[in-house]
Amino acid sequence: MISLSLMALTLMAAPMAQAQEEILAPAAAPAEATTGPSWNVVSRSSATVFMLDVNAITQSDGVSRVMLARVPSSGDASDQTHSLTEMLFRCSARQSKTGLEIYIGADGSEEERIENDYEFEPIVRDSLDDYVKGVVCDGQRTAVTYNSIGAFIAAGRPQPR
C-alpha cells in the first residue's frame, strides 16, 4: 500500500527543486468536496515535512485560515512530535500572517500554545507562504493525502520518490 502511494505521488506530483526545499506540484482540485481530514504534503526540506488539512480551510471576512503542520521528515513511528501553526491569508491582496502555534510532544499530547499577534505582510514569491497560498486560495492539491498527521507518521513519513 505504501509503495503504491509513493508511486502515485511520484507520478502525480513531480517535485521542483527550490534551494534545499522540495515543493510538490499540485494536482487539480477535486470536483466534489470530501469530508474528514485530508492532510496534503505541500513542501518538504531535509528536516521537515509541511502539511495542510485542505478540508479544514475556513473563510470569514475576507480572510482564509488553515493549520500548517510541521512534521520531522524522519523518526520512529511512535514519535508523534510535530507543530501546528495557524496561517491566515488575504488571498486577493497576496498577504499572509501566522496566528496560534501549538507544539505536540512525542506522545501526541499538546505541550505548548503560543498566541501570535503579527500583522499581515506581502507574500514573497516561491516562499512557503506562497506554496500554502496556492492550496488555500487557489485550490491546488497533491495526489496523495492522509487522514491524520499520525497516519502520515505511521506510514513511515513517505518520501515522494
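Computed from the coordinates by the stated procedures, all read-outs in this text should not be read as laboratory data. These numbers were taken from a predicted model, which means no experiment stands behind them. Quick reminder, even Gly has a Cβ in these numbers, built from the backbone with ideal geometry, and neighbours come from all protein chains shown.
Quick notes on this one:
- Distances between every pair of Cα atoms in region 37-161, grouped in 5 Å steps from 0 to the bin holding the largest one, split as 2, 11, 21, 24, 20, 13, 7, 2, 0 percent.
- Loop chymotrypsin sites (Phe, Trp or Tyr not before Pro), region 73-149 (other Cβ atoms within 10 Å of the site Cβ: 16 or fewer; DSSP): TYR118, PHE120
- Shown in residue order for region 118-132 are the 3J(HN,Hα) couplings computed by the Karplus curve 6.51 cos²θ - 1.76 cosθ + 1.60 at θ = phi - 60°: 6, 8, 5, 10, x, 7, 7, 4, 6, 9, 4, 4, 5, 5, 5 Hz (x for Gly and Pro).
- When the GluC sites (Glu not before Pro) in region 37-141 are filtered for DSSP coil states and for at most 14 other beta-carbon atoms within 10 Å of their beta-carbon, the remaining sites are GLU115, GLU119.
- Taking amide H positions as modeled 1.01 Å from N, with prolines and chain starts lacking one, no residue 5 or more places away or on another chain lies under 5 Å from THR145.
- Cα gyration tensor category, rounded, prolate or oblate, for region 103-161 with a/c compared to 1.5: oblate
- The loop-placed trypsin sites (Lys or Arg not before Pro) in region 30-138, going by DSSP, that have at most 12 neighbouring Cβ atoms within 10 Å of their Cβ come out as ARG125.
- Rough spin-label spacing in nm, given labels placed 7 Å along Cα→Cβ, for ILE102 and SER45: 2.4 nm
- Note: relative contact order over region 40-118, using C-alpha pairs below 8 Å and six or more positions apart, is 21 percent.
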